[in-house]
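As structure tokens, the structure follows; a few thoughts come after it.
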Amino acid sequence: MDYAQFKQEVIEYSKTIGIDKIGFTTANTFDDLKNRLIRQQELQYQSGFEEPDIEKRVNPSLLMNQPRSIIAVALAYPSKMENRPVSKNGERRGIFCRASWGLDYHLILRDRLQKLEEFIYSKMPDAKCKSMVDTGELSDRAVAERAGIGWSGKNCAIITPEFGSYVYLGEMITTIPFEPDQPIEDRCGSCTKCLEACPTGALVQGGQINAQRCISFLTQTKESLPEEFREKIGNRIYGCDSCQTACPENKGRNFHFHEEMEPDPEMVKPLLKPLLQISNRQFKEKFGSLAGSWRGKKPIQRNAIVALAHFKDETAVNDLIEVMTKDSRPVIRGTAAWALGKIGGEQAREALEAAQSLEKEEEVLEEISRGLEFFI
């Protein structure tokens, strides 16, 4: 087998199935990454969504017998939305981040990687491949960086020369000894725009993030949001793009290569008030195809309540009173109580005082007290 020729065939085939960029690297351990991950763990900067076994994250040989190389792929996604609906008084809207526009990217990348695997098996039936996207053991960014897809920016995203950081990443471990590509030189230089743009200071320094403070992470949690972050979240109901939109490498980058990535404006910038009463079935029917639905409706509803408070939407007071008094979930009742205080008005104050004498959950009572403090 002429592996150099086969590599070129894989590259050419990848273009025909909608892979926008492909790179190759060795299956050696990611020693530098291991040290960074250990440090992140020590500082308690991890999100908790990652693979907990650091060895599996850095050693491909623990995931496949005798791996020889890793193929990294990138697909560019849109950064601008056509027919973007306007948020206005009485009809306030939330926003899903760009990485949750269109069909769930996990499904898109798995489809492309599966087709790539099938092509490889058709040429080399004895080869072994193991593909993964986001939730796999390996770090997508570490693989992509070493395979020359892009450099790791100060915002902790892979930045490609062609598409900026608006790319989805995936990889495939193989038993084929493909020649590795060269990493790309870091072009961030002295720029710190992403660090300055981060609303919560989650970017501790260039290339280091405290996930516990990252809005993208916070919008995916199911517990009550720490109060210091509520104002900073604004109307984001899933994810955050601040460190990407601030990046000069992303200026003017907007790619519409994949139809399934195109956003439905009403879905990714939804009206907030209808989210408060949406059933599980309705949520799944409307939002189930989005990557941002993976944690279920509870975080989205909590974030929608915070967004209504951000807008101080007085037209939502009746809806929020209904949630505060009737919802079965303490986190949602409590967040609604805080939001009523934030929005203000006599009706909200009276509802909070009435709820204070009826509520049994300590967590909710604390939020009612916080809400009433806005009236002092």
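For (1) assigned to a loop (DSSP other than H, G, I, E, B); (2) in contact with a His (Cβ under 8 Å, 6 or more places away or on another chain); (3) surrounded by fewer than 16 Cβ atoms within 10 Å (Cβ to Cβ), each residue gets a yes or a no:
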{"site": "Ser47", "(1), (2), (3)": "yes, no, no"}
{"site": "Glu50", "(1), (2), (3)": "yes, no, no"}
{"site": "Gln66", "(1), (2), (3)": "yes, no, yes"}
{"site": "Ile70", "(1), (2), (3)": "no, no, no"}
{"site": "Val73", "(1), (2), (3)": "no, no, no"}
{"site": "Ser79", "(1), (2), (3)": "yes, no, no"}
{"site": "Asn83", "(1), (2), (3)": "yes, no, yes"}
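Of all residues in the stretch 295-305, at least one satisfies being touching a Phe, Trp or Tyr at 6+ places or on another chain (Cβ under 6 Å), part of a helix (DSSP H, G or I) and either among the charged types (D, E, K, R) or in contact (Cβ under 8 Å) with a residue 12 or more places away in the chain (or both). Within the stretch 163-199, restricting attention to residues that are closer than 30 Å to Pro125 by Cα and among the hydroxyl-bearing types (Ser, Thr, Tyr), the residue that is surrounded by the fewest Cβ atoms within 10 Å (Cβ to Cβ) is Thr175.
Of the set (1) touching a residue at least 60 places away in the same chain (Cβ under 8 Å); (2) in contact with a helix residue (DSSP H, G or I) (Cβ under 8 Å, 6 or more places away or on another chain); (3) polar (S, T, N, Q); (4) within 28 Å of Met64 (Cα to Cα), all apply to Thr175 but (2). Of the residues that sit in the stretch 110-141 and are out of contact with any Ser or Thr (no Cβ under 8 Å at 6 or more places or on another chain) and of a type in the set (A, V, I, L, M), which one is surrounded by the fewest Cβ atoms within 10 Å (Cβ to Cβ)? Here the answer is Met124.
Gln282 meets the conditions (1) assigned to a helix (DSSP H, G or I); (2) touching a residue at least 12 places away in the same chain (Cβ under 8 Å); (3) farther than 24 Å from Gln44 by Cβ in every case but one. The failed one is (2). Residues in the stretch 327-374 that are farther than 14 Å from Lys312 by Cα, among the small types (Gly, Ala, Ser) and surrounded by 23 or more Cβ atoms within 10 Å (Cβ to Cβ): Gly334, Ala351. Of the residues Met267, Met324, the single one that is assigned to a helix (DSSP H, G or I), buried (at least 19 other Cβ atoms within 10 Å of the Cβ) and modelled with pLDDT of 95 or more is Met324. Tell me whether the stretch 281-291 contains one or more residues that are within 30 Å of Lys154 (Cα to Cα) and out of contact with any Pro (no Cβ under 7 Å at 6 or more places or on another chain). Yes, the stretch 281-291 contains at least one residue that is within 30 Å of Lys154 (Cα to Cα) and out of contact with any Pro (no Cβ under 7 Å at 6 or more places or on another chain).
Against the criterion of being more than 13 Å from Cys247 (Cβ to Cβ), aromatic (Phe, Trp, Tyr) and within 15 Å of the chain's Cα centre (by Cα), Tyr121 does not qualify.
Residue by residue, here is whether (1) under 30 Å from Ile19 (Cβ atoms); (2) free of Cβ contacts under 8 Å to residues at least 12 places away in the same chain; (3) β-branched (Val, Ile, Thr); (4) loosely packed, with under 15 Cβ neighbours inside 10 Å holds:
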{"site": "Leu276", "(1), (2), (3), (4)": "no, no, no, no"}
{"site": "Ser289", "(1), (2), (3), (4)": "yes, no, no, no"}
{"site": "Leu308", "(1), (2), (3), (4)": "no, no, no, no"}
{"site": "Thr315", "(1), (2), (3), (4)": "no, no, yes, yes"}
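Within the stretch 85-97, the set of residues being surrounded by fewer than 22 Cβ atoms within 10 Å (Cβ to Cβ) and either of a type in the set (D, E, K, R) or free of Cβ contacts under 8 Å to residues at least 12 places away in the same chain (or both) comprises Val86, Lys88, Glu91, Arg92. Of the residues making up the stretch 88-132, those that are over 30 Å from Asp313 (Cα atoms) and either at pLDDT below 95 or assigned to a loop (DSSP other than H, G, I, E, B) (or both) are Leu103, Asp104, Met124, Pro125, Asp126, Ala127, Lys128.
The values are calculated or read from the model by the stated rules, or taken from the named source; none is laboratory data. All values reported here derive from a predicted model rather than from experimental measurement. Cβ atoms come from the backbone with ideal geometry, glycine included; neighbour counts cover every protein chain shown.
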